[in-house]
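Worksheet for the structure shown next.
The values are calculated or read from the model by the stated rules, or taken from the named source; none is laboratory data. Predicted, not measured: the structure shown is a model, and the values here were computed from it. Ideal geometry is used to build each Cβ from the backbone, glycine not excepted, and the neighbour counts take in all protein chains shown.
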Amino acid sequence: MMAFDDMRGFIQLLKSKDQLKEIGIELNVARGTTELQPLMRFIHNSNGPALMLNNLSGYNCPDIPVLFNPYGTRERTSMILGKENPL
């Protein structure tokens, strides 16, 4: 069972625990580009923070932010389940 009614509550918790970084620089995510892939690979492989990408171009919903890596660490996975200690 999840500890939050919706993702907004979890995003607020990530912010309060300094586990979310907001990225405002423009990233081109059109098919065939490589701007996003290295960033995602680096963040995932380094147990980096969750990212809120706020300025994506090259897809059909540019005004909608994208959340990446919200469950990328054991700590954050525990947080979404309402647990204090990592699983």
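Couple of notes before you dig in:
- Single residue of region 71-87 satisfying the filter (in a helix (DSSP H, G or I) and without any contact (Cβ under 8 Å) to a residue 60 or more places away in the chain) that is surrounded by the fewest Cβ atoms within 10 Å (Cβ to Cβ): R74
- Leading residue by the ranking (farthest from N28 (Cα to Cα)) among those in region 56-70 that are in a loop (DSSP other than H, G, I, E, B) and modelled with pLDDT of 90 or more: P70
- Extreme residue, modelled with the highest pLDDT, among residues of region 41-55 that are part of a helix (DSSP H, G or I) and surrounded by 11 or more Cβ atoms within 10 Å (Cβ to Cβ): I43
- Looking only at residues in region 1-40 that are of a type in the set (D, E) and part of a loop (DSSP other than H, G, I, E, B), the one that is modelled with the highest pLDDT is D18.
- Test result for F68, surrounded by 12 or more Cβ atoms within 10 Å (Cβ to Cβ) and either closer than 23 Å to A3 by Cβ or under 14 Å from the mean Cα position of the chain (by Cα) (or both): yes
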